[in-house]
Amino acid sequence: EVDLQRESVIKTILQLYQNFTKLMHDNERDTLTGLLNRKTFDKKINKTIMQMQASAKRKDDKVANYFFIAIFDIDHFKRVNDNFGHLIGDEVLLLFAQLLQQTFRDTDPLFRFGGEEFVGVFACTEKNDIEIILNRFRQKVESFSFPQAGNVTVSSGYTEIAEYDNSSQMIDRADSALYFAKNNGRNRVECYEKLIASGQLKSNVKEGDIELF
């Protein structure tokens, strides 16, 4: 009888633990795509910055990692919803999220920020790697045939994460690069730092009247 009681208690504890982990998972994940949600972003980005600071203090590091944040926005997504309905729109978002997961590493945190906007945080060995991997993803989306909606494209803007950045600053910079991409043909990858250096973008750029869809 004692063993039965003990087994019952263990089962109850396991059930409570499973319920707790499910609740934690549900709280951190976007319900449609399964990607991390916006609420978890600050925690994850602070962990990345702490990692950068710790790496900078170690003198024996042979390989310096560069960290970047990129914002992805599906081009003309409003048209998908208008032409095919929200159910097909959700299918596009789900498949898009799967393409993100297939393209990037498990160690690269991927977030759905809401609507058709997604965010990724990436560590690269070489600074030029980021442009290569983001363009590889852009091309993958462009060539993918979505079952109902056909072909869609994606625009993205990215920025390098500085050692003492904060989340709102880096989001603002990546957003500025994204808006530039949206307003200059779409289906392209733009870097905030390169746009500033070339004079194509001013550091205090705002969204203004740029058409987003």
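The values are calculated or read from the model by the stated rules, or taken from the named source; none is laboratory data. These numbers were taken from a predicted model, which means no experiment stands behind them. As a convention, Cβ positions derive from the backbone with ideal geometry for all residues, glycine included, and neighbour counts pool all protein chains shown. These area figures cover heavy atoms from the full protein model, side chains too; ligands, DNA and RNA do not enter into them. Shrake-Rupley method; radii C 1.70, N 1.55, O 1.52, S 1.80 Å.
Quick look at the numbers
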{"quantity": "Whole-percent carbon and sulfur share, accessible surface of the stretch 58-170, 1.4 Å", "calculated": "47 percent"}
{"quantity": "Sorted peptide list for 157-163, 81-87, criterion being average Cβ within 10 angstrom, highest first", "calculated": "157-163, 81-87"}
{"quantity": "Förster radius 35 Å - calculated FRET efficiency between Thr31 and Ala162, Cβ distance, rounded to 0.05", "calculated": "0.60"}
{"quantity": "Under-5 Å amide H pairs with Thr153, H placed in peptide plane, nonlocal only", "calculated": "Asp75"}
{"quantity": "Separation in nanometres of the label points that stand 7 Å from Cα toward Cβ, at Arg38 and Tyr66", "calculated": "2.9 nm"}
{"quantity": "Burial order of peptide ranges 115-123, 184-192 (average beta-carbon count within 10 Å, highest first)", "calculated": "115-123, 184-192"}
{"quantity": "Size descriptor, Kirkwood hydrodynamic radius, that averages inverse alpha-carbon separations across the stretch 44-184, Å", "calculated": "16.0 Å"}
